[in-house]
There are 2 protein chains.
Amino acid sequence: MSVKIFLDESEIPRQWYNLAADLPTQPPLAADGSPLTPEKLSPVFPMNLIEQEVSAQRWIDIPEEIIEMLYRFRPSPLKRAVYLEKALGTPAKIFYKDESVSPAGSHKPNSAIPQVWYNRQFGTKTLTTETGAGQWGCALSFACSLMGLTCKVFMVRISFDQKPFRKVMMETWGGKCVASPSNETEAGRRYLAMDPNMPGSLGIAISEAVEAAVSDKSGSTKYTLGSVLNHVMLHQTIIGLEAKKQLAKIGIKKPDVVIASAGGGSNFAGLAFPFIQDKINGADIDIIPVEPTSCPTLTRGLFRYDFGDTAGLTPLLPMHTLGHNFMPAPIHAGGLRYHGMSPLVSETVNKGLVSPVALPQTECYKAALQWARTEGFIVAPESSHAIAAAVREANKAKEEGKEKVIVLNISGHGHMDLAGYSKFLNGELTDYALPQEEIDKAERELDGLPKIKG
Amino acid sequence: MSVKIFLDESEIPRQWYNLAADLPTQPPLAADGSPLTPEKLSPVFPMNLIEQEVSAQRWIDIPEEIIEMLYRFRPSPLKRAVYLEKALGTPAKIFYKDESVSPAGSHKPNSAIPQVWYNRQFGTKTLTTETGAGQWGCALSFACSLMGLTCKVFMVRISFDQKPFRKVMMETWGGKCVASPSNETEAGRRYLAMDPNMPGSLGIAISEAVEAAVSDKSGSTKYTLGSVLNHVMLHQTIIGLEAKKQLAKIGIKKPDVVIASAGGGSNFAGLAFPFIQDKINGADIDIIPVEPTSCPTLTRGLFRYDFGDTAGLTPLLPMHTLGHNFMPAPIHAGGLRYHGMSPLVSETVNKGLVSPVALPQTECYKAALQWARTEGFIVAPESSHAIAAAVREANKAKEEGKEKVIVLNISGHGHMDLAGYSKFLNGELTDYALPQEEIDKAERELDGLPKIKG
């Protein structure tokens with residue numbers, strides 16, 4: 001029965017863990033290759049979040065009001081997947097953090113709430129952002145509704161049309177959501193003039209959201225991002241900090257394996273960074289970011305300076321990338337279809353602290369189906385990647401006869417993603433492996449950008 | 001911060017509360033009006049559940065294995081709606097049980113798990129059922145997947161077509177779901193011959209599910225129902241039993257107001273019956289079942305013997321009813337579109353123990369929107385009725401200047417019901433009040449059936 005571990009009020013984390021203190025990365029550059037200063041970022045982000053972005057302080061206090069808002073739905077439970085263990089016949093103990101319990105249904109509010117709070121402190125009235133699959137747009141709309149800010153989301157048109165209910169969710173929280181490219185920005189109008197039926201891309205949506213923020217000359221509109229950046233990773237560490245306390249409560253000093261899916265990095269960083277700190281300090285833990293074979297940023301991408309968006313408007317970030325012109329295959333895990341990766345997560349790969357794997361989507365859906373029929377919950381396609389990797393590890397533990405402790409992260413529920421389940425159940429899904437030409441093409445493109453030193 | 005109350009393992013309820021011990025109802029009759037014996041029910045239900053159905057024992061032990069399965073996702077949290085309180089400026093304290101945390105997303109697994117467990121004990125291999133909005137079909141598919149039974153769901157065709165993802169959910173748990181009327185039963189084929197495009201009804205779907213069960217002459221197929229019957233109400237009392245312990249933990253001896261929506265009665269009974277026991281024993285509590293004005297079973301229906309299904313195949317139940325031929329308006333709270341009501345819930349109305357109210361759907365959606373923008377969660381349209389009634393009570397407490405304790409039940413999330421939110425946000429929803437002719441028509445029809453004595 002002791003398969004569900006909660007924390008008391010006195011035990012909840014009151015500081016975020018900043019991996020940058022233990023693992024410095026290369027500095028980002030401005031789009032023209034010159035050094036990036038906080039001032040150059042200030043038209044886009046408020047200064048209090050820029051300070052977090054560049055901070056080298058190991059522990060950062062979480063303001064009390066943010067704790068209160070987060071702990072309306074946190075701590076997320078740490079549960080043991082006893083039914084899955086039994087089905088696999090494994091001696092491994094499989095634990096999972098369940099981030100689907102937030103109102104927006106994913107881990108994204110862990111950063112949306114602080115980002116809105118710091119913006120409100122700074123005087124921001126309106127926030128703009130882009131969203132692909134819709135999880136981040138929902139989380140930001142929800143957080144804005146709690147704190148009375150206006151929220152404007154540019155949603156990639158193809159997702160906007162395929163998932164109309166994501167827009168309804170955002171509107172239910174009072175957010176405004178338009179399909180991108182839109183008529184509301186110069187960038188959007190330019191793309192629409194080229195092709196009125198353009199399906200859009202995350203890159204174009206970022207361009208629109210940034211333009212909408214900086215073109216408000218009153219300065220009361222800012223831009224937000226749901227992944228990749230250091231301050232987003234920082235906010236998400238609350239997941240792993242809770243998990244460590246929850247494991248300690250049942251006498252587990254350290255897990256043997258830590259697993260989470262990685263798209264832009266926020267979900268992986270959330271669970272893994274506090275355990276990476278332990279690993280830096282000598283703990284023996286296998287830490288596994290999981291990505292799709294169709295978008296293998298960490299396993300096959302190049303570590304280079306690259307733009308975060310397709311149009312090349314963002315700063316240049318030192319990261320694993322498939323090139324900012326990369327168009328991922330139409331797999332159903334929309335949150336994992338990103339060409340780049342958080343610079344901090346990238347650095348954990350460079351330093352050999354983590355061991356990324358890439359998995360095909362049908363193996364992931366098969367694992368998600370087994371999960372639903374044992375643990376009960378229908379997970380997001382992104383989370384299915386972590387489950388599939390955990391199944392592999394549990395089977396390995398069985399072969400080795402080892403009673404390993406595996407901890408994974410369920411980033412969200414799959415209630416908005418049932419079209420993918422339907423296709424899998426009907427045998428309509430295929431796997432995509434990336435041809436080497438794509439990597440070669442990315443290399444040629446990236447050669448035109450500034451190089452990483454050392 | 002003390003706004004979320006959980007229970008320890010040692011505090012979870014280990015017995016269900018049977019209101020029939022404190023509030024006997026009229027006996028149901030066989031369809032021909034003769035006395036109904038357990039033997040007459042045995043082709044349809046297993047004898048262990050029939051025993052629960054007719055039991056007059058006040059407390060019934062929950063088998064340990066059922067407790068283990070329920071407590072994978074229970075106890076459901078009792079939370080205080082502090083953000084809503086603030087928005088309303090009410091001195092009332094509003095607490096809510098959140099039943100959306102189950103894998104199927106509603107309170108329905110509370111009875112699906114015991115029903116599957118008792119059937120498995122009895123030797124049943126396959127369970128059949130009907131579903132309208134899809135919540136019960138999902139819950140039964142989920143419970144069958146945990147215990148290895150085959151699940152066959154007949155889903156009303158119009159819902160089947162409108163909500164394709166409900167079928168995908170059932171299939172994800174291994175359930176089989178067909179649109180009703182179907183070609184798989186004699187009843188279904190008869191209706192299809194009359195009209196190949198028939199939208200179907202809960203009544204026809206019940207006929208098909210019962211036929212599919214009794215036509216398996218091996219006896220290994222049984223039928224299940226997700227509401228109305230005494231044993232379903234019994235299983236759901238775990239909600240209210242938990243709520244009482246959770247309130248006691250923060251020093252609240254009794255609430256002033258208890259509110260839940262009522263369709264067939266299972267959600268209302270779940271929260272309210274344990275408090276009705278207190279009321280029978282002298283406690284001063286307002287207990288409010290909430291129904292839609294378009295289907296006002298408790299507030300305007302007749303207390304008569306009536307069939308549970310349109311075709312007249314079920315036993316005759318003594319209940320509040322709008323007549324088994326009643327066709328409710330197409331409101332979005334599918335779970336509240338039922339002509340009848342649990343006999344036990346009906347008897348609480350007869351005895352003046354509860355005070356039902358009927359609310360129009362636009363008031364309910366308005367309240368659901370306020371809930372989403374304060375408490376964060378997007379609730380099912382059924383649950384919105386409880387929220388709207390709680391808002392009324394909280395405003396009344398404000399006028400009276402009383403610090404009342406209000407407890408309501410959130411029966412499920414609204415992730416599969418966003419079409420209704422969309423229509424409300426676009427101003428496309430209307431209210432329906434039932435014309436008196438409909439009640440008169442029901443009265444004429446019911447006059448042809450056996451009368452309730454006394």
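Annotations for the structure displayed:
- When the criteria are applied in full, A:Ala31 fails the requirement of being modelled with pLDDT of 95 or more, surrounded by fewer than 19 Cβ atoms within 10 Å (Cβ to Cβ) and outside any helix (DSSP H, G or I).
- So B:Pro199, is it open to solvent by 30 Å² or more (accessible area, probe 1.4 Å) and either farther than 18 Å from A:Gly376 by Cβ or away from chain A (no Cβ under 14 Å) (or both): yes
- When A:Pro46 is tested against (1) over 18 Å from A:Gln121 (Cα atoms); (2) touching a residue at least 60 places away in the same chain (Cβ under 8 Å); (3) of a type outside the set (Gly, Ala, Ser), only condition (1) is not met.
- Output for region B:90-103, where each listed residue is under 19 Å from the mean Cα position of the chain (by Cα) and either polar (S, T, N, Q) or within 8 Å of chain A (Cβ to nearest Cβ) (or both): B:Ser100, B:Val101, B:Ser102, B:Pro103
- In region A:404-421 there is no residue that is assigned to a helix (DSSP H, G or I), among the hydrophobic types (A, V, I, L, M, F, W, C) and more than 14 Å from chain B (Cβ to nearest Cβ).
- Among residues of region B:109-132 that are closer than 21 Å to B:His413 by Cα and assigned to a helix (DSSP H, G or I), those with a Cβ under 9 angstrom from a residue that is hydroxyl-bearing (Ser, Thr, Tyr) and open to solvent by 10 Å² or more (accessible area, probe 1.4 Å), sequence gap 6+ or separate chain, pair up as B:Ser111/B:Ser227.
- Residue pairs whose Cβ atoms lie under 6 Å apart, separated by 6 or more positions or on different chains, with the first residue in region B:425-453 and within 14 Å of another protein chain (Cβ to nearest Cβ) and free of Cβ contacts under 8 Å to residues at least 60 places away in the same chain and the second in a helix (DSSP H, G or I) and surrounded by 15 or more Cβ atoms within 10 Å (Cβ to Cβ), are B:Leu425/A:Glu171.
- Qualifying positions in region B:108-124 - of a type outside the set (Val, Ile, Thr), open to solvent by less than 10 Å² (accessible area, probe 1.4 Å) and more than 20 Å from the chain's Cα centre (by Cα): B:Asn119
- Qualifying residues in region B:423-454 (those that are among the aliphatic types (A, V, I, L, M) and under 30 Å from A:Pro164 (Cα atoms)) - the one most open to solvent (accessible area, probe 1.4 Å): B:Leu425
- Pairs with Cβ under 9 Å, 6+ apart, first in region A:65-81 and within 10 Å of A:Lys97 (Cα to Cα) and facing chain B (nearest Cβ under 8 Å), second in a loop (DSSP other than H, G, I, E, B) and not small (Gly, Ala, Ser): A:Lys79/A:Val3; A:Lys79/A:Glu375; A:Lys79/B:Arg72
- Residue match in region A:294-307 (condition: in a loop (DSSP other than H, G, I, E, B), more than 22 Å from A:Gln436 (Cα to Cα), modelled with pLDDT of 90 or more and under 16 Å from the mean Cα position of the chain (by Cα)): no
- Leading residue by the ranking (farthest from A:Pro103 (Cα to Cα)) among those in region A:169-195 that are buried (at least 23 other Cβ atoms within 10 Å of the Cβ) and within 22 Å of the chain's Cα centre (by Cα): A:Ser180
- Residue list for region A:308-337, filter: under 15 Å from the mean Cα position of the chain (by Cα) and over 18 Å from A:Leu449 (Cβ atoms): A:Ala333, A:Gly334, A:Gly335, A:Leu336, A:Arg337
- From the options B:Val345, B:Val357, B:Val290, residue that is of a type in the set (Val, Ile, Thr) and either over 18 Å from the mean Cα position of the chain (by Cα) or open to solvent by 30 Å² or more (accessible area, probe 1.4 Å) (or both): B:Val357
- Applying the condition of being surrounded by 24 or more Cβ atoms within 10 Å (Cβ to Cβ) and over 19 Å from B:Pro199 (Cα atoms) to region B:125-134 and asking which residue is nearest to the other protein chains (Cβ to nearest Cβ) yields B:Leu127.
- Qualifying residue in region B:3-11 (condition: open to solvent by 20 Å² or more (accessible area, probe 1.4 Å), assigned by TED's automatic domain parsing to the domain that holds B:Lys245, touching a strand residue (DSSP E or B) at 6+ places or on another chain (Cβ under 6 Å) and within 30 Å of B:Ala394 (Cα to Cα)): no
- In region B:350-382, the residues that are of a type in the set (Asp, Glu) and more than 13 Å from every other protein chain (Cβ to nearest Cβ): B:Glu363, B:Glu382
- Selected residue (criterion: modelled with the highest pLDDT) from residues of region A:148-196 that are assigned to a loop (DSSP other than H, G, I, E, B), away from chain B (no Cβ under 14 Å) and within 18 Å of A:Gly134 (Cβ to Cβ): A:Ser182
- B:Pro292 being touching a residue at least 60 places away in the same chain (Cβ under 8 Å) and more than 23 Å from B:Thr25 (Cβ to Cβ): yes
- Residue within region B:35-44 that is more than 30 Å from B:Lys253 (Cβ to Cβ), in a strand (DSSP E or B) and touching a Pro at 6+ places or on another chain (Cβ under 9 Å) present: yes
- Selection count, region B:326-342, where residues are in contact with a strand residue (DSSP E or B) (Cβ under 6 Å, 6 or more places away or on another chain) and surrounded by fewer than 24 Cβ atoms within 10 Å (Cβ to Cβ): 1
- Residue count for region B:428-442 under the criterion of being assigned to a helix (DSSP H, G or I) and either closer than 30 Å to A:Val168 by Cβ or not hydrophobic (A, V, I, L, M, F, W, C) (or both): the result is 5.
- With respect to the conditions (1) open to solvent by less than 10 Å² (accessible area, probe 1.4 Å); (2) on the phi < 0 side of the Ramachandran plot, A:Pro75 falls short on a single one, namely (1).
- Among (1) in contact with a Leu (Cβ under 7 Å, 6 or more places away or on another chain); (2) at pLDDT 95 or above, the one test that B:Arg373 misses: (1)
- Test for B:Gly323: is it in contact (Cβ under 8 Å) with a residue 40 or more places away in the chain, in contact with a strand residue (DSSP E or B) (Cβ under 9 Å, 6 or more places away or on another chain) and closer than 18 Å to B:Glu437 by Cα: yes
- Verdict on A:Ala87 being surrounded by fewer than 19 Cβ atoms within 10 Å (Cβ to Cβ), touching a helix residue (DSSP H, G or I) at 6+ places or on another chain (Cβ under 8 Å) and within 14 Å of chain B (Cβ to nearest Cβ): yes
- Residues located in region A:265-282, provided they are open to solvent by 10 Å² or more (accessible area, probe 1.4 Å) and in a loop (DSSP other than H, G, I, E, B): A:Asn281, A:Gly282
- For the condition away from chain B (no Cβ under 12 Å), surrounded by fewer than 24 Cβ atoms within 10 Å (Cβ to Cβ), in a helix (DSSP H, G or I) and touching a helix residue (DSSP H, G or I) at 6+ places or on another chain (Cβ under 6 Å), A:Glu211 qualifies.
The values are calculated or read from the model by the stated rules, or taken from the named source; none is laboratory data. Worth saying up front: this structure is predicted, and the values here are computed from it rather than measured. Using ideal geometry, Cβ is built from the backbone for each residue, glycine included, and neighbour counts are taken over all protein chains shown. All accessible areas refer to the heavy atoms of the entire protein, side chains included, with ligands and DNA or RNA removed. Shrake-Rupley method; radii C 1.70, N 1.55, O 1.52, S 1.80 Å.
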